[in-house]
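Each remark here refers to the structure printed beneath this line.
A short reminder: the numbers here are calculations on the coordinates, not readings from a lab. Small disclaimer: the values here were computed from a predicted structure and weren't measured. No Cβ is skipped: glycine too gets one built from the backbone with ideal geometry, and neighbour counts run over all protein chains shown.
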């Protein structure tokens, strides 16, 4: 049930992978396969999951410290190869579309702040028929990657919203650090790439363990 309270936040910015899109485990597998393809040591599940949300080159460099920089282009190409093989397997988490529609009906502006590329995000938006549900978006290849605040600051400037009226929602410490660096509040979700224990000290206003819990909190408190 939609709250009758006044809006606390005019803009809610969502991370994509692991927050709205059920893709974290597939991304982990694709990172691992790409690193092995170029001769690196296979990163653990936790090592691969930690880099989700970062810009691709930055993420792969962290996940494959034994791979020399001159192999990064090949590493990126192998990651994209594996990811495209699984693209049709990726879906929104159940309940995301009704949540977004409820927030829009309440008057919130909605945005996406993601470590994906622009081409990757646009393909995802088209695939899951999300056109018209977001007012703006920024991807890592068109601005600074997380946790640099530029991505969120550009969204706030485009939509004319102050940091104190902006909420960032994400599944990684990179998202929460992005919010802190931009002077915004944050909400974390524990069903994505990073475990809820990783959020200790980053002061999210809430940690949601499901999309339903996230929607309930946002409608009551945002």
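Round to the nearest 10 and give me the degree value, 0 to 90, for the angle of helix 24-37's Cα axis relative to the longest principal axis of the chain. Helix 24-37 sits at roughly 20 degrees to that axis.
A viscosity of 1.567 mPa s and a temperature of 4 °C, combined with the Kirkwood radius over C-alpha pairs in the Stokes-Einstein formula, give the stretch 61-132 a diffusion coefficient of 87 µm²/s. Geometric descriptor of the stretch 154-222, per residue, is 86 Å³ (volume of the convex hull of the Cα atoms). A Förster radius of 22 Å combined with the Cβ-Cβ distance from residue 57 to residue 133 puts the calculated FRET efficiency at roughly 0.15. Each residue of the stretch 24-89 gets 69 Å³ once the volume of the Cα convex hull is shared out per residue. Across all Cα pairs in the chain, the calculated P(r) in 10 Å bins from zero up to the longest distance comes to 8, 35, 37, 15, 3, 0 percent per bin. Spin-label model, residue 37/residue 221: points 7 Å from Cα along the beta carbon direction are separated by 4.1 nm.
Taking 0.36 nm per residue of separation and subtracting the Cα-Cα distance, full extension of the segment from residue 158 to residue 126 would add 9.3 nm. Across 161, 189, 35, mean-square fluctuation computed from a Gaussian network of the chain (C-alpha pairs under 10 Å connected) peaks at 161. On a 0 to 90 degree scale, rounded to 10, what angle separates helix 150-159 from the longest Cα axis of the chain? Computed tilt is about 40 degrees. Given R0 = 25 Å, the distance between the Cβ atoms of residue 181 and residue 44 translates into a calculated FRET efficiency of 0.35.
Between 0 and 90 degrees, rounded to the nearest ten: what's the tilt of helix 96-105 against the longest Cα principal axis of the chain? Roughly 40 degrees between the two axes. Only helical runs count toward this figure. For the chain, summing -39,500 (n - 2.57) over DSSP H runs of n ≥ 4 and dividing by all residues gives -12500 deg cm²/dmol at 222 nm.
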